[in-house]
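Peer 1: Please see the structure below; I have some questions.
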Amino acid sequence: MPRPVSVTYRVLPTPEATARAAAQLFTDAAVKAAAARGTARIAISGGTTPKAMFALLASPAEPFLKQVPWDKLELYWVDERCVPPDHAESNYRMTKEALLSKVPLPSERVHRMEGELEPEVAAARYEAVIRNTFRLEGAETPTFDLVQLGMGDDGHTASLFPHTDALNEMSHIVVPNHVPQKDTWRITLTWPVINQGREVAFLIEGGAKTQVLHDVFLGPYQPETYPSQLIRPASGRLTLLLDAAAASKLPAPANSDSTGTLELR
Ligand code: 6PG
């Protein structure tokens, strides 16, 4: 049975406003974690949606660049494409161009997935990186301070695609995942690890995501078809940052701050 979760969704008028809310959430989580534990460990997504958020975090004209404790941040990815770091499809490359090349984050604190290696090797090496940097012992698994997710119009998140093997992975932290529907391999964090995040948030924009967003959060529980339904954090809380186009088939937000709540049982 899926774990009950309280979903708070915030509907922003435009993609720009959604990116800003995501940059604020990133900043708040980093400041809070650094104050509480001396380090902030954040796992980010790739694709296209996070680009605008990264640009805001890196902009000298915005408050975030001064607020984020870059010297206490450890940056990880939730997934990567099996391509070299300078490839147009690389999540690392996108993040480097939009963020890393513009902020004072020491390279030894940037933990990229090595998409250029064999998927099995890249996944095993990334699991070792996480074990070492989190100083995990035995069967311990990592607790990220924030996991920022996206959602594909097929309901996938990270590289947990419909009807793929990684959906059944319960013991590893990172796995290679063959994605027949894209005829490719990906490297991805597993959903039990994502669900252990202190804060887990989806950033979703655009009309192409309207129906799948409705089906994932208001439709029947069928995680093989909609892997985003596997995201039920152990904290019992899940945040959605949405633009109006993506959220148009959800109930209108009841609260004055444009937030609404869904109780998933
Ligand atoms: C990736 C991502 C993936 C992404 C969704 C949404 O590597 O593609 O991590 O999970 O978040 O595909 O992508 P868009 O933001 O491009 O719609």
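The values are calculated or read from the model by the stated rules, or taken from the named source; none is laboratory data. Just so you know, these numbers come straight off a predicted model, no measurement behind them. Positions of Cβ are generated from backbone atoms using ideal geometry, with glycine treated the same way; all protein chains shown enter the neighbour counts.
For every residue, the table says whether it meets (1) aromatic (Phe, Trp, Tyr); (2) in a strand (DSSP E or B); (3) modelled with pLDDT of 95 or more; (4) at positive phi.
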residue: His172; (1), (2), (3), (4): no, no, yes, no
residue: Pro176; (1), (2), (3), (4): no, yes, yes, no
residue: Trp185; (1), (2), (3), (4): yes, yes, yes, no
residue: Pro192; (1), (2), (3), (4): no, no, yes, no
residue: Arg198; (1), (2), (3), (4): no, no, yes, no
residue: Leu203; (1), (2), (3), (4): no, yes, yes, no
residue: Lys209; (1), (2), (3), (4): no, no, yes, no
residue: Val216; (1), (2), (3), (4): no, no, yes, no
residue: Pro220; (1), (2), (3), (4): no, no, yes, no
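Peer 1: Confirm whether Pro69 is more than 16 Å from Arg198 (Cα to Cα), modelled with pLDDT under 95 and surrounded by fewer than 21 Cβ atoms within 10 Å (Cβ to Cβ). Quick ask: steps written out before the conclusion?
Peer 2: On the way: more than 16 Å from Arg198 (Cα to Cα): yes; modelled with pLDDT under 95: no; surrounded by fewer than 21 Cβ atoms within 10 Å (Cβ to Cβ): yes.
Criteria not met by Pro69.
Peer 1: Still on this structure: Based on this model, can you work out whether Thr261 counts as among the β-branched types (Val, Ile, Thr) and either touching a helix residue (DSSP H, G or I) at 6+ places or on another chain (Cβ under 7 Å) or surrounded by 14 or more Cβ atoms within 10 Å (Cβ to Cβ) (or both)?
Peer 2: It is false that Thr261 is among the β-branched types (Val, Ile, Thr) and either touching a helix residue (DSSP H, G or I) at 6+ places or on another chain (Cβ under 7 Å) or surrounded by 14 or more Cβ atoms within 10 Å (Cβ to Cβ) (or both).
Peer 1: A further question follows. I'm trying to understand the selection: among the residues of region 190-222, which are surrounded by fewer than 22 Cβ atoms within 10 Å (Cβ to Cβ), under 28 Å from Ala30 (Cα atoms) and more than 13 Å from the ligand (Cβ to nearest atom)?
Peer 2: Selection gives Pro192, Asn195, Gln196, Arg198, Glu199, Phe217.
Peer 1: Additional query: Which pairs turn up if I take residues in region 75-91 that are among the polar types (S, T, N, Q) and assigned to a loop (DSSP other than H, G, I, E, B) and look for partners that are modelled with pLDDT of 95 or more and within 11 Å of the ligand (Cβ to nearest atom) with beta carbon separation below 7 Å, at least 6 apart in sequence or on another chain?
Peer 2: Taking only residues 6 or more apart or on different chains, the pairs are Ser90/Arg81; Ser90/Val83; Ser90/Gly115.
Peer 1: Would you mind telling me which numbered condition in (1) under 15 Å from Thr157 (Cβ atoms); (2) of a type in the set (A, V, I, L, M); (3) in contact with a Ser or Thr (Cβ under 8 Å, 6 or more places away or on another chain) Ala245 fails?
Peer 2: Of the numbered conditions (1) under 15 Å from Thr157 (Cβ atoms); (2) of a type in the set (A, V, I, L, M); (3) in contact with a Ser or Thr (Cβ under 8 Å, 6 or more places away or on another chain), the odd one out for Ala245 is (1).
Peer 1: Also: For region 48-66, how many residues meet the condition of being surrounded by 15 or more Cβ atoms within 10 Å (Cβ to Cβ) and either at positive phi or part of a helix (DSSP H, G or I) (or both)?
Peer 2: So the count comes out to 11.
Peer 1: Which residues, counting only those in region 143-152, are within 12 Å of the ligand (Cβ to nearest atom) and either under 16 Å from Ala43 (Cβ atoms) or not in a loop (DSSP other than H, G, I, E, B) (or both)?
Peer 2: Of everything in region 143-152, those that are within 12 Å of the ligand (Cβ to nearest atom) and either under 16 Å from Ala43 (Cβ atoms) or not in a loop (DSSP other than H, G, I, E, B) (or both) turn out to be Val147, Gln148, Leu149, Gly150, Met151.
Peer 1: Could you tell me which of the residues Gly138, Gly155 is within 15 Å of the ligand (Cβ to nearest atom) and either within 26 Å of Thr210 (Cβ to Cβ) or not in a helix (DSSP H, G or I) (or both)?
Peer 2: Result of the check over Gly138, Gly155: Gly155.
Peer 1: Looking only at region 27-47, count every residue that is more than 15 Å from the ligand (Cβ to nearest atom) and either among the aliphatic types (A, V, I, L, M) or assigned to a helix (DSSP H, G or I) (or both) and tell me the total.
Peer 2: Qualifying residue count, region 27-47: 12.
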